[in-house]
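What follows is a short report on a single structure.
Throughout, read-outs are computed from the coordinates displayed, never taken from laboratory work. Because the structure is predicted, anything quoted here is derived from the model rather than measured. So basically every Cβ, Gly included, is an ideal-geometry build from the backbone, and we count neighbours across all protein chains shown.
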Amino acid sequence: MINFVTEIFANYPWLMVLIKVLGVFAVIMPMVAYSVMAERRISALIQDRIGPNRVGIPFTRVKLLGLGQPLADGLKSFLKEDFTPAYVKRVFFWMAPAVAMIPSFVVFAVIPFGSFLGAQKMVIADLNVGILFTFGIVSLGVYGIVLAGYASNSKYPFLGGIRSSAQMISYEIAMGMAVVPVFMLAADSAWQSNLTGTWKNYLDGVGLLNLSSVIAYQSDSLFSWMIFKQPIAFCIFLVAIFAETNRLPFDMPESETELVAGYNTEYSSMRFALFFMGEYAAMIAGSALMVVLFCGGWTLPLGDFFSTPAETLIQGIIHIIVFIIKIAVFLALMIWVRWMLPRFRYDQLMNIGWKRFLPVSLGNIILTAIVLWVTA
Amino acid sequence: MAELKNIEISDSAVRSAEALDELQDLQGEKMTLNMGPSHPATHGVLRLSLELDGEIISKADPEIGYLHRGDEKIAENMTYNQFIPYTDRLDYLAPLANNVAYALAVEKLLGVDDKLPERCKFIRVICCELARVSAHLLGLGAFAMDVGALTVFLHTFNEREKIYNLIEALTGARFTTTYTRIGGLSRDLPEGWTEELSKFTKEVSEAIEEADKLLTRNKIFIDRTKGVGVITREEAIDFGLTGPNLRGSNIEYDLRKAHPYLVYDQLDFDIPYGEVGDCYDRYLIRMEEMRQSVRILDQCIAKLPNGPVNLDDGKIVMPHKQKVLSSMEELIHQFMLVTQGQNAPAGEVYFGAENPKGELGFYIFSKGGGVPHRMKIRAPSFVNLSILSHKLPGHMMSDIVAILGSLDFVMGECDR
């Protein structure tokens, strides 16, 4: 029987990929739903309210701290009238929510969310240019919003779309520049060829820009985490992620007090929910990127059990759990910031992106280069 | 509202807009954007028709009147006491203060404004200041929400809830108070109310400091408000601004100090005033006014005298029901008051009170008898909004919300 199964996987390698995709999807979707829930509960906590605490198991009196709320929210958005205004550009109007949501999910393809489960490396596509792929996909996220703004054929969404395109483009540059020093440190073939044991196995055949090599670089101790080695890069990247995911204080595209709801003003029902889910999926993807690039990925500096690729199934599962917990910490940070800060003005946002972050990140690259050159 | 075509250029944002005008050839067409009457930032039913050049406003026309109910005309068809419920609906964020201002105006017409019992005056001051704290809490919260800080809004609403509970205990209604009567009040303070009030003043002080921590030194908030919507001294006077918006522009003018009414001259409080006249100054002034109002409330609680709350004049104040049933004279008074109203002398009178939004004035033209021949309400929000078409051009789209929030208007009062 076992032979039969292994034979099938050996003959059809895409089957394993499919299982991984489904597995990741099965984890991400509930995470999206429950990060909405967490957002509501944390904001309630901050604002001296209670938040949704009623919905539990349907048709019973069990409340479970309101953990059934995401289910009810989803059901509600399906039951709402899906209204298409008469004047919209229909094809684009229908396409936009999907275009907005898909990139945030596709990013997970290259993110190493664990070490090994059995012989399988816990990453869907082990690309040798992982980081470039991420940036390529993340930039696609803007199209959904621009398309929504354009297709709605209405003025507030239009302004929201325009703002978002400018915002995302300018912050992508700062974000890309912030990541360069990280790879200047990690993408070092001399260091990678010295690896032994399971790490060697883990990084077998991947390129220098692969995301798992960054994790390997950070696995030694707490202070080998990039957050300590590249604090400036981390700060810029963090803020850029806020801007990329359109979260307050950078939620220009939908700033609800000026633009009503920005690009999704004309959307209702499940299509609105898709934008919503896309935003939260992007938050999770951004958090995952931060964890991988700056906070050691799935490793923890607590001995070999946590900091070397897994040899047993349990170890592998624990690594995945560690990764998810780290993501949750960043999600909580994003939620907390959203409810504490006012919103930037559009021009101030551009100023920060172009006049502050870009020069600082360039300076950081040069600084890192000098340090590397001196120490080499 | 009339369009102002010739724009006086003063601040940097306007200058940049002018510089853009010189590059007219390079510009594309402008976009007309309709903001409101149903828009999250236009607090009620203000409608702005904007002309946008990219994100910069080149023309702004406020359209008002969506909440017009004809209050001034309604006043001509009812006795003075009957109009009090309508004053609740002027500045519906501070109904108590409107009640007091209106009652004082009519009492001035009747010539009894200086004969009011001391206790009545103190309670009216408490009402005014409670209303001021409530209105500023909302104004502040809404302002913070407009620039994106939603949490402050929820915090200030928590405090307003306490004020509403106090008002409910005092008047029986939370929103439409109708508390004053010509020549007095509808009822005395309920038992234990002052203790509740002093407990509230302590709690609200903490809440104000909390909001202060969240906003006053917040870099983003300062970026959004400092230097935005600068109203100079001259402009503030020319456009007839009153209240915190006037004081924000470095003019120390507060009716409570300039023409003290009630017992404001016996109370110790300061009038804050700003330096530049930008949104940030107006925000700071509202913060400080709340602290001063709390100070006034504490003093009023300490000084509150005993005694009657109504004038001892059966021709003005409705007599007690027990007396109406047992004594002839009181019966006649009650009959006359209900059917005819207070017999006011012929003449004209204007009384303005320092309300949370500015000077709320009632101009009453009486030909004698129980109803006014004409009543004009000078609504501070109406006058304050007149500066919009002058002030908005040259600002960014996002500045609109900051400016609107800092002007802190109420359309119920503006449209009347």
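Remarks
- Of the candidates A:Ala233, A:Ala282, A:Ala243, the single residue that is part of a helix (DSSP H, G or I), surrounded by 23 or more Cβ atoms within 10 Å (Cβ to Cβ), within 14 Å of another protein chain (Cβ to nearest Cβ) and under 22 Å from the mean Cα position of the chain (by Cα) is A:Ala243.
- B:Gly192 vs. criteria more than 24 Å from the chain's Cα centre (by Cα), without any contact (Cβ under 8 Å) to a residue 24 or more places away in the chain and closer than 30 Å to B:Val309 by Cα: yes
- Test: residue in the range B:186-203 that is over 21 Å from B:Gln299 (Cα atoms), away from every other protein chain (no Cβ under 14 Å) and assigned to a loop (DSSP other than H, G, I, E, B): yes
- Among residues of the range B:204-245 being among the aliphatic types (A, V, I, L, M) and within 12 Å of chain A (Cβ to nearest Cβ), the one that is nearest to B:Ala302 (Cα to Cα) is B:Ala207.
- In summary, A:Lys326 fulfils each of the numbered conditions (1) within 14 Å of chain B (Cβ to nearest Cβ); (2) in contact (Cβ under 8 Å) with a residue 24 or more places away in the chain; (3) of a type in the set (Lys, Arg) with the single exception of condition (1).
Conditions tested, residue by residue: (1) under 16 Å from the mean Cα position of the chain (by Cα); (2) of a type in the set (S, T, N, Q).
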| residue | (1), (2) |
| --- | --- |
| B:Val106 | no, no |
| B:Glu118 | no, no |
| B:Val125 | yes, no |
| B:Glu129 | yes, no |
| B:Val133 | yes, no |
| B:Leu140 | yes, no |
| B:Gly148 | no, no |
| B:Val152 | no, no |
| B:Asn165 | no, yes |
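- Residue, nearest to the other protein chains (Cβ to nearest Cβ), within the range A:44-61, restricted to residues that are polar (S, T, N, Q) and in contact with a Leu (Cβ under 8 Å, 6 or more places away or on another chain): A:Gln47
- Members of the range B:243-270 that are under 23 Å from B:Pro305 (Cβ atoms) and aromatic (Phe, Trp, Tyr): B:Tyr261, B:Tyr264, B:Phe269
- Among the candidates B:Glu159, B:Glu210, the residue that is free of Cβ contacts under 8 Å to residues at least 60 places away in the same chain, crowded, with 22+ Cβ neighbours inside 10 Å and touching a helix residue (DSSP H, G or I) at 6+ places or on another chain (Cβ under 9 Å) is uniquely B:Glu159.
- Residue in the range B:110-122 that is among the aliphatic types (A, V, I, L, M), away from chain A (no Cβ under 14 Å), out of contact with any Gly (no Cβ under 9 Å at 6 or more places or on another chain) and in contact (Cβ under 8 Å) with a residue 24 or more places away in the chain present: no
- B:Arg217 vs. criteria in a helix (DSSP H, G or I) and within 15 Å of B:Leu284 (Cβ to Cβ): no
- The range B:392-408, residues that are surrounded by fewer than 24 Cβ atoms within 10 Å (Cβ to Cβ) and more than 14 Å from every other protein chain (Cβ to nearest Cβ): B:Pro393
- When the range B:132-147 is filtered for residues that are more than 14 Å from chain A (Cβ to nearest Cβ) and either surrounded by fewer than 24 Cβ atoms within 10 Å (Cβ to Cβ) or touching a Gly at 6+ places or on another chain (Cβ under 6 Å) (or both), only B:Leu138 remains.
- Residue within the range B:350-360 that is away from chain A (no Cβ under 14 Å), under 30 Å from B:Met290 (Cα atoms), among the hydroxyl-bearing types (Ser, Thr, Tyr) and surrounded by fewer than 19 Cβ atoms within 10 Å (Cβ to Cβ) present: yes
- Note on the range B:104-141: among residues that are in contact with a Pro (Cβ under 8 Å, 6 or more places away or on another chain) and outside any helix (DSSP H, G or I), the one that is farthest from B:Val152 (Cα to Cα) is B:Gly111.
- Filter result for A:Leu331 (buried (at least 18 other Cβ atoms within 10 Å of the Cβ) and in a helix (DSSP H, G or I)): yes
- First in the range A:92-108 and surrounded by fewer than 21 Cβ atoms within 10 Å (Cβ to Cβ), second anywhere and in a helix (DSSP H, G or I) and among the polar types (S, T, N, Q), Cβ under 6 Å, 6 or more apart: none
- Sole residue being surrounded by fewer than 14 Cβ atoms within 10 Å (Cβ to Cβ) and out of contact with any Cys (no Cβ under 8 Å at 6 or more places or on another chain), chosen from B:Phe175, B:Phe200: B:Phe175
- The one condition in (1) assigned to a helix (DSSP H, G or I); (2) more than 14 Å from chain A (Cβ to nearest Cβ) that B:Ala173 fails to fulfil: (1)
- Scanning the range B:44-98 for residues that are free of Cβ contacts under 8 Å to residues at least 12 places away in the same chain, outside any helix (DSSP H, G or I) and more than 14 Å from chain A (Cβ to nearest Cβ) yields a count of 0.
- For A:Pro342: the one exception among (1) part of a loop (DSSP other than H, G, I, E, B); (2) touching a residue at least 40 places away in the same chain (Cβ under 8 Å); (3) away from chain B (no Cβ under 14 Å): (3)
- Residue match in the range A:158-177 (condition: charged (D, E, K, R) and assigned to a loop (DSSP other than H, G, I, E, B)): no
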